[in-house]
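Have a look at the structure below, then the notes.
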Amino acid sequence: MKRLLITGAAGGVGRAMRTRLAHLAKTIRISDVAPLSEAAGNEECVQCDLGDAGAVDALVAGCDGIVHLGGISLEDTFEKINNANIVGLYNLYEAARAHGMPRILFASSNHVVGYYRQDEYLAPDVRLRPDTLYSVSKCFGEALATMYHDKFGQETAVVRIGSCFEKPTDHRMLATWLSYDDFAGLVERVFAVPRLGCPIIWGVSANDAAWWDNSTVRYLGWTPKDNSAKFRAELEQSLELPDPGAPQAIWQGGLHTQEPIKRTDKS
Ligand code: NAI
Ligand code: 15L
């Protein structure tokens, strides 16, 4: 690629991807609403609010691939989620439509199915059961990607990321963990395959505990290599197993299922 755009580049996953994806394009355009650390190597920095349609149009111009990580990543007020994850995503897809439909990787979330139980094994096409307003916005994103694909042929990899961190930090994450290296490997495959379409991909490493079925996306040639099992002993030493009746032991979405609705007009 000539230019790959990474939104949300000041965030946890974005920072981890900057070095890992540098080889994927001649220029990496990194963007966030938050200040970005200085451009390194082949990077160029653009500070931009996803809610600003004009700014997003200019951000996407000249890019032939987009890794869309930007947005509110946890439960928040509807106003904040709406600006970044709903209006912001619409702005991104309209900008893509105006600028040659660069392939998009959309960071969706496992929380679109947060109200399934941990003993259920899910195909990508199960009914959505979001656990927060945050994950309802990700359901919107998945639907938007599908509509732009069906109507215009816009290709998107919809990646339902599990828990993408350095290492798992609780028992639930032994099933949901996605290593930074495995995520980078997935991004490589998404931009390498000749035909992508608009698949739903469970973004999870090769952990022993498995809740999600990725057999529909074998054509991507993505084989995650990391396994959370290497952290199990360390985790079990530092953290007690949750009570089997506790939400973090019952629901795939863990404690997100217990989040209240956050209102700006009420304390
Ligand atoms: P993060 O919160 O660390 O990073 C998100 C970035 O988006 C932040 O730097 C923030 O400043 C930026 N952002 C927020 N509102 C914005 C706006 N209006 N305009 C432009 N940028 C804005 O989140 P993280 O963990 O790096 O996740 C990246 C993406 O992956 C998010 O979309 C998140 O929902 C998704 N995801 C992450 C998971 C994880 O385990 N890290 C799991 C599932 C989904
Ligand atoms: C997410 O969607 C969040 O963005 C991330 O911060 C974690 O909470 C992750 O899911 C998870 O389920 O561990």
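The values are calculated or read from the model by the stated rules, or taken from the named source; none is laboratory data. Keep in mind that this is a model prediction, so the values were computed, not measured. Cβ atoms come from the backbone with ideal geometry, glycine included; neighbour counts cover every protein chain shown. These area figures cover heavy atoms from the full protein model, side chains too; ligands, DNA and RNA do not enter into them. Shrake-Rupley method; radii C 1.70, N 1.55, O 1.52, S 1.80 Å.
Summary of computed values
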item: Sorted peptide list for 11-21, 88-98, criterion being average Cβ within 10 angstrom, highest first; result: 88-98, 11-21
item: Helix 88-98 vs. the chain, principal-axis angle (Cα, 0 to 90°, nearest 10); result: 40 degrees
item: Kirkwood-based shape ratio for segment 89-194, expressed as Rg/Rh from alpha carbons; result: 0.99
item: DSSP-defined beta bridges in segment 3-258 - what % are antiparallel, rounded to 5; result: 5 percent
item: HN-Hα J in Hz across segment 10-26 - Karplus 6.51, -1.76, 1.60, θ = phi - 60°, x for Gly and Pro; result: 8, x, x, 5, x, 4, 5, 7, 3, 6, 5, 10, 4, 7, 6, 8, 4
item: Of Lys26/Lys167; Lys2/Lys80; Lys80/Lys262; Lys138/Lys262; Lys2/Lys225, those spanning more than 22 Å from alpha-carbon to alpha-carbon; result: Lys26/Lys167; Lys2/Lys80; Lys2/Lys225
item: Degrees, to the nearest 10: 180-192 long Cα axis against longest axis of the chain; result: 40 degrees
item: Distance cut-off 17 Å, percentage of C-alpha pairs in segment 167-267 lying past it; result: 62 percent
item: Summed residue charge, Cβ within 12 Å of Gln47's Cβ, Lys/Arg positive, Asp/Glu negative; result: -3
item: Helix-only CD estimate at 222 nm, as mean residue ellipticity for the chain, using -39500 (n - 2.57) per DSSP H run (n ≥ 4); result: -8500 deg cm²/dmol
item: Residues whose placed amide H lies under 5 Å from that of Glu43, excluding near-sequence neighbours; result: Ile28
item: Extreme residue, positive dipole direction of the chain, given options Gln47, Leu235, Ala98 (C-beta unit charges); result: Ala98
item: Accessible area expressed per residue, segment 3-258, with surrounding protein chains retained (probe 1.4 Å, Å²); result: 44 Å²
item: Euclidean distance of C-alpha centroids, segment 58-101 and segment 1-24, integer Å; result: 15 Å
item: Degrees separating the helix 133-152 axis from the principal Cα axis of the chain, which is the longest one; result: 50 degrees
item: Protein accessible area in the chain, 1.4 Å probe - carbon and sulfur %; result: 53 percent
item: Kirkwood Rh, angstrom, the chain [1 / mean 1/r, Cα pairs]; result: 18.9 Å
item: Ranked by how many other beta carbons lie within 10 Å on average, peptides 47-54, 146-153, 64-71 from highest; result: 64-71, 47-54, 146-153
item: Only Lys, Arg (+1) and Asp, Glu (-1) charged, at Cβ; the chain dipole about Cα centre in debye; result: 640 debye
item: Karplus 3J(HN,Hα) series, Hz, for segment 225-237 with 6.51 cos²θ - 1.76 cosθ + 1.60 (x for Gly, Pro); result: 10, 7, 9, 4, 4, 5, 9, 4, 4, 4, 5, 5, 6
item: Square roots of five times the Cα gyration tensor eigenvalues for segment 10-149, Å; result: 27, 17, 15
